[in-house]
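Asker: Dumping the structure here so I can ask a few things about it.
The values are calculated or read from the model by the stated rules, or taken from the named source; none is laboratory data. On a predicted model such as this, the values are computed, not experimentally measured, just so you know. Glycine also receives a Cβ, built like all others from the backbone with ideal geometry; neighbour counts cover every protein chain displayed. Keep in mind that these areas ignore ligands, DNA and RNA; they rest on the heavy atoms of the full protein, side chains included. Shrake-Rupley method; radii C 1.70, N 1.55, O 1.52, S 1.80 Å.
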Amino acid sequence: MSLAALPIFVALAGRPVMLIGEGDAGEAKRRLLERAGATIVDEAGAARIALVALADPEPVAARLKARGLLVNVADRPDLCDFTLPAIVERGSVTVAVGTGGASAGLAAALRQRIEALLPASLGELAWALSTARGRIRDRWPEPDKRRRAIGAALSPGGTLDPLREHAAEAVGIWLAAAGDERPAPRVERFVLASPDPDDLTLRQARALAAADRVYHRPGVPAAILERARADAPRIACDTFPADPGPGLSIEVEMAG
């Protein structure tokens, strides 16, 4: 399954961004750029990206694209080189919800649901983890152990579960109490009846997202394997190993 668009976060503070807009839509774009710290310029200025909010945007968008700018056009996904997501902010934590321009209303509805889930202290947790980065590396010098320890702490019900409120000293308490024991091997075995990732059960999807590695038989579609955590190795094999390794291993094959 290919991505319709690659989501990225662009640092705009102090950088020129072209804004050609009018009415409420133009003002909304201006407020967004000001929040991001961008330097707003008009069509005569030099910039690499442009936001357009006009009743008749086609001529302007064509001119700007001919100059090599990446262009966003309000309410016209067919003219957009990039789209602007609905945003949830908790300090340095930003959650962006995009639909590729298909429905701004859907993105807004999802944003509202997510907004209700994220505690006010989430930004402080992110800041605490950032400032503790050196201590975390000292505590777990090996990347695999460090990743597993952080993953366990941030897991549902974990010491630093990000969907719960935390005191400012929560990360320090976690570091002081954390052990460095080797996690016991755990194996989840799936036999899939469908190659469609949308047919995964909730349990299967969550296990793939949390797996340390994924062993798969030939014939398991790439679309299924893409549901695994990005840094989890995908290991093709005809026979699943007797010792899969520490942490969570997924063994998956297609039925029949």
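Asker: Hey, what's the Kirkwood Rh for the chain if you take every pair of different alpha carbons, in angstrom?
Answerer: Answer for the chain: a Kirkwood hydrodynamic radius of 21.8 Å.
Asker: Measuring from label point to label point, each 7 Å out along Cα→Cβ, what is the ASP78 to ALA177 span in nm?
Answerer: Going from the ASP78 label point to the ALA177 one covers 5.8 nm.
Asker: Ignoring ligands, DNA and RNA, please state the percent of accessible area on the range 126-250 from carbon and sulfur, probe 1.4 Å.
Answerer: Here it works out to 54 percent.
Asker: Now a separate question. Which percent, to the nearest 5, of DSSP beta bridges fully inside the chain are antiparallel?
Answerer: Of all bridge pairs located within the chain, approximately 15 percent are antiparallel.
Asker: Determine, from the Cβ-Cβ distance of GLN112 and ASP243 and an R0 of 41 Å, the FRET efficiency 1/(1 + (r/R0)^6), rounded to the nearest 0.05.
Answerer: 0.30
Asker: Find the centroid of the Cα atoms in the range 126-191 and in the range 20-36, then give the distance between the two in whole Å.
Answerer: 40 Å
Asker: How high is the relative contact order of the chain? Use alpha-carbon pairs under 8 Å, at least six apart in sequence, and give a whole percent.
Answerer: 12 percent
Asker: Short version: ³J(HN,Hα) in whole Hz for each residue of the range 58-64, in order, from phi by Karplus 6.51 cos²θ - 1.76 cosθ + 1.60 (θ = phi - 60°), x for Gly and Pro, what are they?
Answerer: With coefficients 6.51, -1.76 and 1.60, one gets 4, x, 5, 4, 5, 4, 5 Hz.
Asker: Provide, as a two-decimal number, the C-alpha radius of gyration of the range 174-256 over 2.2 N^0.38 Å, N being how many residues it has.
Answerer: 1.17
Asker: For the chain, report the accessible area per residue in Å² (1.4 Å probe, heavy atoms, rounded to an integer).
Answerer: 59 Å²
Asker: List the residues of the range 184-211 whose backbone N lies under 18 Å from a point placed 7 Å from the Cα of LEU154 along the Cα-to-Cβ direction.
Answerer: 206-211, by backbone N distance to the label point.
Asker: If you take the square roots of the eigenvalues of the alpha-carbon gyration tensor of the range 39-170 and sort them as a ≥ b ≥ c, do you get rounded (a/c under 1.5), prolate (a/b over b/c) or oblate?
Answerer: Taking the square roots of the gyration eigenvalues as a ≥ b ≥ c, the range 39-170 is prolate.
Asker: I want the antiparallel fraction of DSSP beta bridges within the range 146-256, as a percent rounded to 5.
Answerer: 0 percent
Asker: How many percent of all Cα-Cα pairs in the range 1-115 sit more than 19 Å apart?
Answerer: 47 percent
Asker: How much length is gained on full extension from ASP196 to ARG147, taking 0.36 nm per residue of separation minus their Cα-Cα distance?
Answerer: Extra length available between ASP196 and ARG147 comes to 14.7 nm.
Asker: Pulled fully out, how much extra length does the chain show between ASP161 and ALA126, if you take 0.36 nm times their separation in residues and subtract their Cα-Cα distance?
Answerer: Stretched fully, the ASP161-ALA126 segment lengthens by 11.4 nm.
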